[in-house]
Amino acid sequence: MGLGQNFKRVDFYRRVPVDLTEPTAPGAIISIVCGLVMVLLLWGEIRSYLSPRPRSDMFVAPDEGQGSKLRVNFNMTFHKLPCFALSFDVLDVLGRHEMNVLQNTKKYRLSQSGENLGEFHGGNFAEQNKEGCNTVGFVHVAKVPGNFHVSAHGLQNEVAMYLGGNINVQHTIHHLAFGDNDVMGKLDHDLEGHVHPLNREAHKDDGAFHYEYFLDIVPTVYKQKWGKSELRGYQFTANMHKTESPPGHMAAAFFRYQLSPITVRYSAESTSFLHFLTYVCAIIGGVFTVSGILSRMIHTTAVQFQRRILGKDQ
C-alpha cells in the first residue's frame, strides 16, 4: 500500500457514492429549514460583531487644579417675566456672587402668545411688562458647589416700578448642559439621550412659585467606536422641588449643582475576530448536527412505521 493510500486513511469525512444515497421529502424540508435557521443565526452574529457592546467603569479623576472652570450652556424661556426684569445670577461656596450676567448671553423678547419680538436692547419698559423672555447663552462657573438662578433680585427698582412687585417665573427649559456643546451633542447621541435630562422640562404654574433644581454632575469619558478619540463631557441627574413663594420674597428658579469626584468611563467593547469565528463555526456545526439528528430520527420512525404496516398486511 503506497504512501498516498495510507495518507487517505486519515480522512475523517469519507465520501459516499451518490448511487448509495437516497433523497427524501422530509430530508429536503429539514435542509431548507436548516439553511434558513443558519442564515438568521449568522446574520445575528454578524450584527453583534459589528455593533460593539457598551461597557462602563468608574475611577477617581486627578484634580485639574485651582481655577478650573465648568461651562454651563442654557436656553430657557420665562413666559411671564419680561427681559428687563430677568437677571441671571451665579453664586458659589468660594464667595463668587455675580448678578445679572450679560457676557455670552442674549435675551429675546416674547409676546404673550410666544412670538419672538427680537433681541432685547432696553426700550420702553412700561410697554414690555406683559411680555416673556427667552435667555440663551453660556456661563463659566468654578468646579465647586454653587448655584445659578434666574430671578429679579438685582433689578428690584424696575420690578417695583413696572411690575408692581409681582413676579412669575413659570418657564420652559429648552436646553441645559455642562461642558462643550458640540461634544455634549455627540455624547448625548452615543449614550442614547441620557445626558440632557432637563431638556423640554416645562412648568407653567400661575402665581408666585419658587423652583429649586438639584443637579448632581458626573464627569463622563466616552471612548468612541473603532478606536476613535475620547469624548469628555458631563452627565447630570436632576430633582426639582417647587414651593409657593412666601410674602416678601421674590419668586425665582434656582439650579443648585455639585460635582461628583467619580468619573464614569464608557467604552465600546467589541468581540475579537477569533471569538466571532468560533461562534460562526459553532452555529454551522450545531445546526448541521441537530438537523442530521432530526433527519435520522424522522427516517428511522418512518421506516419502522412502514415495517409495521407491511407486517400487518401480510
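Here the extension length gained between T237 and F288 equals 13.3 nm, from 0.36 nm per residue of separation less the Cα-Cα distance.
Estimated at 0.36 nm per residue, the fully extended path between H203 and I262 surpasses their Cα-Cα distance by 18.1 nm.
Placing pseudo-labels 7 Å out from each Cα toward the beta carbon at S48 and E269 gives an inter-label distance of 1.4 nm. Note: relative contact order over the range 68-268, using C-alpha pairs below 8 Å and six or more positions apart, is 24 percent.
Think of each Lys and Arg Cβ as +1 and each Asp and Glu Cβ as -1; about the Cα centre, that makes the dipole of the range 68-268 roughly 600 debye.
Sorted on the mean count of surrounding Cβ atoms within 10 Å across their residues, most packed first, peptides 92-99, 34-41, 208-215 read 208-215, 34-41, 92-99. Taking a sphere under 14 Å around the Cβ of N116 and counting the other residues whose Cβ falls inside, with K and R at +1 and D and E at -1, yields a net charge of 0. Put simply, when 100-111, 135-146 are sorted by average Cβ atoms within 10 angstrom per residue, most first, you get 135-146, 100-111. Near the amide H of A251, within less than 5 Å, lie the amide hydrogens of I167, all on another chain or at least 5 residues away, with H placed in the peptide plane.
Residues in the range 231-236 carry Karplus couplings, in order, of 9, 10, x, 9, 9, 8 Hz; the curve used is 6.51 cos²θ - 1.76 cosθ + 1.60 with θ = phi - 60°, and Gly or Pro positions show x. Only lysine pairs 8 or more places apart, or on different chains, with alpha-carbon atoms under 17 angstrom apart are counted in the range 68-268, and they number 10. Take 173-182, 293-302 and order them by the average number of nearby Cβ atoms within 10 Å per residue, most first; the result is 173-182, 293-302.
Here the alpha carbons of the range 231-314 define both size measures, Rg and Dmax, at 34.9, 109 Å. If a spin label sat at a point 7 angstrom from the Cα of V37 along the line to its beta carbon, the backbone N atoms of the range 262-286 nearer than 12 Å would be those of 283-286. If R0 equals 35 Å, the separation of the Cβ atoms of Q112 and E230 corresponds to a calculated FRET efficiency of about 0.15.
FRET efficiency for the pair T300 and F276, taken as 1/(1 + (r/R0)^6) with r the Cβ-Cβ distance and R0 = 30 Å, rounds to 0.25. State the percent of C-alpha pairs, over all pairs in the range 68-268, separated by a distance greater than 28 angstrom. So the portion of pairs separated by more than 28 Å is 29 percent. Between I309 and N166, the simple label model (points 7 Å from Cα in the Cβ direction) yields a spacing of 9.3 nm. Annotation: extensible slack from F214 through A25 equals 61.1 nm (criterion: 0.36 nm per residue apart, minus Cα-Cα distance).
For the range 68-268, the residue among T105, A268, H174 whose Cα projects farthest onto the positive side of the dipole built from Cβ charges is A268. If you look at the Cα atoms of the range 73-145, you get an Rg and a Dmax of 13.5, 41 Å.
Any read-out appearing in this document is the output of simple, stated calculations on the displayed coordinates, not a laboratory observation. This is a predicted model, so every value here is computed, not measured. Every residue, glycine as well, gets a Cβ built from its backbone with ideal geometry; the counts of neighbours run over all protein chains shown.
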